[in-house]
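The values are calculated or read from the model by the stated rules, or taken from the named source; none is laboratory data. This is a predicted model, so every value here is computed, not measured. With ideal geometry, Cβ positions are generated from the backbone for all residues, glycine too; neighbour counts draw on all protein chains shown.
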Amino acid sequence: MAKGETIRLGAHLSIAKGLPDAVAQARYVKANTFAYFTRNPRGGKVRDMPPEEIQEWEKLREEDDLYPIVGHLPYTINLASPREEARNFGRQTVYDDLERASRYGAEYLVLHPGSHVGDGVEKGLRLIIEGLEAVLKAPGDTMLLLETMSGQGTEIGGTFGELQAIIEGLGSPPRLGVCLDTCHLFAAGYPIHEPEGLEKVLSDLDKAVGLERVKALHLNDSVYPFGSRRDRHARLGEGKIGREGLKVILSHPFIRTLPWILETPVDDWKEYKDHIAVAKELAGL
């Protein structure tokens, strides 16, 4: 670990009992950043956050130096859906959650780009661009991050070229960035588990979207092998990326500038305390 280096490392926690409760969770698992679902990951209503809760949250997160906070939109949102009703629902949800995240100071909000459901990538990209054009008009300054995907089925975002097409199609807005996912990149066939491969991947990513747009990292091992285009997270060191592959990733200078968010499978959120300890060991912290 370089002198003075502070790695931002956390996990996916719950705000179901309020933002202050999430601070207590982060404290327990020894996290200095965390992610949360803006609402049920399968969709549904969002809970109200009264001003006094937000005020207490702002005080607590400053005391605990929790930064950045990374929201995650529900999996059900599909801005590329052939169904107009589904697209409209997705647009409204992203718009509302982007505005709400800004009210309590979440720095980033992560979105799966969408799935074309058989209508083709070109049409899917066009619909995503149309949707995001409306969404990015939401008030506030929370940054929307497109997640790198595994390329499973008809999902969009499994290649850097697809993310580039979306960003450039919107005129490269400053409020739109990228969130990497180690499991997804590995499954999509990006050799991030090898030193030379990782350098090439980051170089290609820089050319496609610019590394300055990359703001967060979902840190997961992969159940399925390299290039499988199948998305299933494994605990760190217990999947196909493995301990040595993860060490390659976590030792890279650029990767160490990003907040790392664990989405590894757990039966109880308290298990993230041990998972975070494993991540620190792999990173040589």
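What pairs come out if I take residues in the range 131-148 that are touching a residue at least 60 places away in the same chain (Cβ under 8 Å) and pair them with residues that are of a type in the set (D, E, K, R) and assigned to a loop (DSSP other than H, G, I, E, B) whose C-beta lies under 6 Å away, six or more apart or interchain?
Met143/Arg175
Restricting to the range 131-187, count the residues that are closer than 16 Å to Leu79 by Cβ, in a helix (DSSP H, G or I) and not charged (D, E, K, R).
Residues meeting the conditions: 9.
Contact list please: Cβ distance under 9 Å, first residue in the range 2-14 and more than 17 Å from Lys273 (Cβ to Cβ), second residue among the polar types (S, T, N, Q) and at pLDDT 70 or above, pairs at least six apart or on different chains.
Going by the 9 Å Cβ cut-off, the qualifying pairs are Thr6/Asn32.
Out of all the residues in the range 245-285, which are in a loop (DSSP other than H, G, I, E, B) and under 25 Å from Leu205 (Cα atoms)?
Step one: list which residues in the range 245-285 are in a loop (DSSP other than H, G, I, E, B), which gives 251-254, 258-259, 263-268, 283-285.
Correct list: Ser251, His252, Pro253, Phe254, Leu258, Pro259, Glu263, Thr264, Ala283.
Without any contact (Cβ under 8 Å) to a residue 12 or more places away in the chain and farther than 30 Å from His252 by Cα, is that true of Pro20?
Numbers: without any contact (Cβ under 8 Å) to a residue 12 or more places away in the chain: no; farther than 30 Å from His252 by Cα: yes.
Taking the combined requirement at face value, the residue does not satisfy it.
With Ala26, Ala35, Ala11, Ala31 as the choices, which residue is buried (at least 20 other Cβ atoms within 10 Å of the Cβ), in a loop (DSSP other than H, G, I, E, B) and modelled with pLDDT of 95 or more?
On the way: Ala26 fails: in a loop (DSSP other than H, G, I, E, B); Ala35 fails: in a loop (DSSP other than H, G, I, E, B); Ala11 fails: in a loop (DSSP other than H, G, I, E, B).
Going through Ala26, Ala35, Ala11, Ala31 in turn, the sole match is Ala31.
May I ask you to verify whether Glu99 is part of a helix (DSSP H, G or I) and within 27 Å of Gly131 (Cα to Cα)?
yes
Go through the range 141-166 and give me each residue that's of a type in the set (Val, Ile, Thr) and within 20 Å of Gly120 (Cβ to Cβ).
Listed by number, the residues that qualify are Thr154, Ile156, Thr159, Ile166.
State whether one or more residues within the range 209-230 are in a helix (DSSP H, G or I), modelled with pLDDT of 95 or more, in contact with a strand residue (DSSP E or B) (Cβ under 6 Å, 6 or more places away or on another chain) and over 24 Å from Val94 (Cα atoms).
No, the range 209-230 has no match at all.
Being in contact with a Ser or Thr (Cβ under 9 Å, 6 or more places away or on another chain) and surrounded by fewer than 19 Cβ atoms within 10 Å (Cβ to Cβ) is the filter; apply it to the range 258-274 and report the residue that is farthest from Ser14 (Cα to Cα).
Among residues in the range 258-274 that are in contact with a Ser or Thr (Cβ under 9 Å, 6 or more places away or on another chain) and surrounded by fewer than 19 Cβ atoms within 10 Å (Cβ to Cβ), the one farthest from Ser14 (Cα to Cα) is Glu271.
In the range 206-229, is there at least one residue being in contact with a Cys (Cβ under 8 Å, 6 or more places away or on another chain), over 16 Å from Thr33 (Cα atoms) and among the small types (Gly, Ala, Ser)?
The answer is yes; a qualifying residue exists.
Let's see how each residue does on (1) of a type outside the set (Ser, Thr, Tyr); (2) crowded, with 19+ Cβ neighbours inside 10 Å; (3) touching an Asp or Glu at 6+ places or on another chain (Cβ under 6 Å):
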| site | (1), (2), (3) |
| --- | --- |
| Gly114 | yes, yes, no |
| Ile128 | yes, yes, no |
| Leu132 | yes, yes, no |
| Thr142 | no, yes, no |
| Glu155 | yes, yes, no |
| Gly177 | yes, yes, no |
| Leu180 | yes, yes, no |
| Ala188 | yes, yes, no |
| Ser203 | no, no, no |
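For the range 157-175, give me each residue that is surrounded by fewer than 21 Cβ atoms within 10 Å (Cβ to Cβ) and among the acidic types (Asp, Glu).
Listed by number, the list holds a single entry, Glu168.
Starting from the range 219-242, keep only residues that are under 19 Å from Trp260 (Cα atoms) and hydroxyl-bearing (Ser, Thr, Tyr), then list their pairs with residues that are modelled with pLDDT of 95 or more and part of a loop (DSSP other than H, G, I, E, B) whose Cβ atoms are within a distance under 6 Å, requiring at least 6 positions of separation or different chains.
Note: pairs meeting the criteria are Ser222/Gly239; Ser222/Lys240; Ser222/Ile241.
How many residues are over 16 Å from Lys215 (Cβ atoms) and not in a loop (DSSP other than H, G, I, E, B) if we restrict to the range 102-124?
Counting residues in the range 102-124 that are over 16 Å from Lys215 (Cβ atoms) and not in a loop (DSSP other than H, G, I, E, B) gives 7.
Applying the selection to the range 194-206, what residues are closer than 17 Å to Gly158 by Cα and touching a residue at least 12 places away in the same chain (Cβ under 8 Å)?
Once the filter is applied, which keeps residues that are closer than 17 Å to Gly158 by Cα and touching a residue at least 12 places away in the same chain (Cβ under 8 Å), the range 194-206 yields Leu198, Val201, Leu202, Asp204, Leu205.
So if I check each of Ile54, Ile69, which one is under 21 Å from the mean Cα position of the chain (by Cα) and either touching a residue at least 12 places away in the same chain (Cβ under 8 Å) or over 24 Å from Leu13 (Cα atoms) (or both)?
The conditions single out Ile69.
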